[in-house]
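Written out below as structure tokens is the structure these notes cover.
Just so it is clear, none of the values below were taken in a lab; they were calculated from the coordinates. Keep in mind it's a predicted model, so treat the numbers as computed, not measured. Cβ sites come from the backbone with ideal geometry, for glycine too, and all protein chains shown count toward neighbours.
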């Protein structure tokens, strides 16, 4: 059973749709699974999934106090401190009392639905427990299902040199540089055309027949 704070839906979609199956395999106690909505600002939507009162020691309380009082609160803690990375990223939620140091953060995601391009779902930020298969399950199975329920046709996001091969190779996304120039602003209205990150922005086509319209001709033979 998933307990939520606030309403049990996000964008009129049942919260269970946002939870990768992999997460259920990792839980010590499924009854402690929680999902909360994140304050992601105007036109953004976010959620965070965690296991309350985990039996795992995630963060040392003394190291947490040392870090939080060090004046370096805006930086991630140094490796010598036994502080969970996701605790550090979402420290404000712990500081406010929304989360505790005993809560195991499993996944957090913020996404954006563009007014200019309502058929495009953009993932603005994603963080998940590392080396657990959560991210792979979320992007491969969960996110496309969410996008379909929202009625969008495209998923986009900015990747990096460490994960670009997964998004292009495994998920079959198309790089922004392989999109016809006249359509690039459709997928990223705010991005400068000569942006250095353009080669790291990728687009997932939920309907393959759309590729012929938006992709450069030479790419259509490959995708």
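Numbers below:
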{"read-out": "Relative contact order (percent, whole number), region 35-98, Cα cutoff 8 Å, 6+ residue spacing", "value": "22"}
{"read-out": "Gaussian network model of the chain, springs between alpha carbon atoms under 10 Å - residue of 135, 169, 46 with greatest fluctuation", "value": "169"}
{"read-out": "Relative contact order for region 3-110, counting Cα pairs under 8 Å that sit 6 or more residues apart, in percent", "value": "29"}
{"read-out": "Candidates 202, 110, 98, ranked by Gaussian network fluctuation over the chain, Cα under 10 Å, top entry", "value": "98"}
{"read-out": "Listed residues 52, 212, 147, most fluctuating in the chain (Gaussian network, C-alpha, under 10 Å)", "value": "212"}
{"read-out": "Proxy reagent accessibility, fewest Cβ within 10 Å first, across 91, 72", "value": "72, 91"}
{"read-out": "Taking the chain and dividing mean pair separation by its residue count, relative contact order in percent (alpha carbons under 8 Å, at least six apart)", "value": "16"}
{"read-out": "Share, in percent, of DSSP beta bridges within region 3-110 that are antiparallel, nearest 5", "value": "90"}
{"read-out": "Kirkwood Rh and Cα Rg combined as Rg/Rh, region 112-164", "value": "0.99"}
{"read-out": "Globularity index of region 59-181, i.e. its alpha-carbon radius of gyration over 2.2 N^0.38 Å", "value": "1.29"}
{"read-out": "For region 120-220, projected area of the alpha-carbon convex hull averaged over all directions, nm²", "value": "6.5"}
{"read-out": "Sorted largest first, extent of the chain alpha carbons per principal axis (Å)", "value": "58, 38, 31"}
{"read-out": "Estimated Rh, region 53-96: Kirkwood, alpha-carbon pairs, angstrom", "value": "10.7"}
{"read-out": "DSSP beta bridges in the chain [antiparallel fraction, %, rounded to 5]", "value": "85"}
{"read-out": "Region 3-110: C-alpha gyration tensor shape, a/c 1.5 cut-off, then a/b vs b/c", "value": "oblate"}
{"read-out": "Distance between region 60-107 and region 14-42 - C-alpha centres, whole angstrom", "value": "20"}
